[in-house]
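The values are calculated or read from the model by the stated rules, or taken from the named source; none is laboratory data. Quick caveat, the model's predicted, so the values are computed rather than measured. Neighbour counts run over all protein chains shown; Cβ positions are idealised from the backbone, glycine included. Only protein heavy atoms, including side chains, enter the accessible area calculation; ligands, DNA and RNA are left aside. Shrake-Rupley method; radii C 1.70, N 1.55, O 1.52, S 1.80 Å.
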Amino acid sequence: MEIAKELISQYGYISIFCLLALGIVGLPVPDEILMSFVGYLVSIHVLHYKSAVIASFCGAMSGMVLSYFLGKRIGKPLLANYGKWIGLTPIRLQKVEGWFHKYGPWTIVFGYFIPGFRHVTCYLSGMSGMGTCKYLLFAGLGALIWCLIFITIGYYIGEIQE
């Protein structure tokens with residue numbers, strides 16, 4: 001987290017964008033803590049609320065879109081070859097895919113709020129063949145709600161501190 005603080009203080013909004021994009025793809029970035037910290041920085045007038053939300057939203061969406069296309073292009077072949085090593089047999093993968101066809105769009109929206117799970121939903125969306133427009137709609141809705149909630153929480157925590 002210390003590195004994230006340093007990056008944000010030096011590079012501002014672009015660092016928020018990059019950290020979230022990389023975190024959504026799967027690198028170990030503590031996204032919720034980062035977003036709350038961004039809200040805190042808004043509360044002490046280091047960042048602007050609207051700009052912080054826009055940078056966060058764009059970063060989250062960039063990571064989600066990259067993960068979606070990776071899932072779409074290489075997801076199934078990769079799991080067909082190596083899934084057995086992590087317990088994903090073809091039968092289990094078929095069950096997950098069927099479940100995702102039924103509940104996928106709302107899983108994307110609510111998946112943002114479950115650390116680790118949000119990373120999987122984007123890959124599964126691509127692998128299951130969800131349409132790009134549908135995916136962008138639900139991923140965008142989830143990203144916007146997620147960014148607004150966590151930045152606002154951080155903002156109010158900062159307000160209480162003062």
Segment 9-108 - charge dipole about Cα centre, Lys and Arg +1 at Cβ, Asp and Glu -1, debye rounded to 20:
500
Run the numbers on segment 14-162 and let me know its relative contact order in percent, using alpha-carbon pairs under 8 Å that are six or more apart.
39
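Under a Cβ-Cβ cut-off of 15 Å, what is the net charge of the residues other than Gly71 that fall near it, where Lys and Arg count +1 and Asp and Glu count -1?
Computed value for this residue: +4.
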In a shell of Cβ-Cβ distance under 15 Å around Leu88, excluding Leu88 itself, what net charge do Lys and Arg (+1) and Asp and Glu (-1) give?
+3
How big is the Rg/Rh ratio for segment 66-140, C-alpha atoms only, Rh by Kirkwood, two decimals?
0.95
Rank these residues by their accessible area, most exposed first, probe 1.4 Å: Ser9, Ser43, Ser51.
Ser9, Ser51, Ser43
So how far, in whole Å, is the C-alpha centre of segment 51-70 from the one of segment 105-162?
10
Select from Leu141, Trp85, Leu19 the residue farthest towards the positive end of the dipole of the chain; place +1 on Cβ of Lys and Arg, -1 on Cβ of Asp and Glu, and compute about the Cα centre.
Trp85
What's the percent breakdown of Cα-Cα distances in segment 42-85 across 10 Å bins, shortest bin first?
24, 28, 21, 15, 11, 0
In what order, largest first, do Arg92, Arg118 sit by accessible area if the probe radius is 1.4 Å?
Arg92, Arg118
Count of lysine pairs in segment 17-162 with Cα atoms under 22 Å apart, counting only pairs 8 or more residues apart in sequence or on different chains?
11
Can you give the accessible area of Glu2 in Å² (nearest 10), computed on protein heavy atoms with a 1.4 Å probe?
120
As an exercise, use a Förster radius of 30 Å and the Cβ-Cβ distance of Arg92 and Leu7 to find the FRET efficiency, rounded to the nearest 0.05.
0.20
Taking N as the number of residues in segment 1-110, what value does Rg over Cα atoms divided by 2.2 N^0.38 Å take?
1.33
The summed charge of the Thr107 Cβ neighbourhood (under 15 Å; Lys/Arg +1, Asp/Glu -1) stands at +3
Which residue, chosen from Ser43, Ile33, Gly98, occupies the Cα position most advanced towards the positive end of the dipole of segment 1-124, where the dipole is computed from +1 (Lys, Arg) and -1 (Asp, Glu) charges on Cβ about the Cα centre?
Gly98
Keeping all protein chains in position, work out how much accessible area Lys134 exposes to a 1.4 Å probe, and write it in Å² to the nearest 10.
100
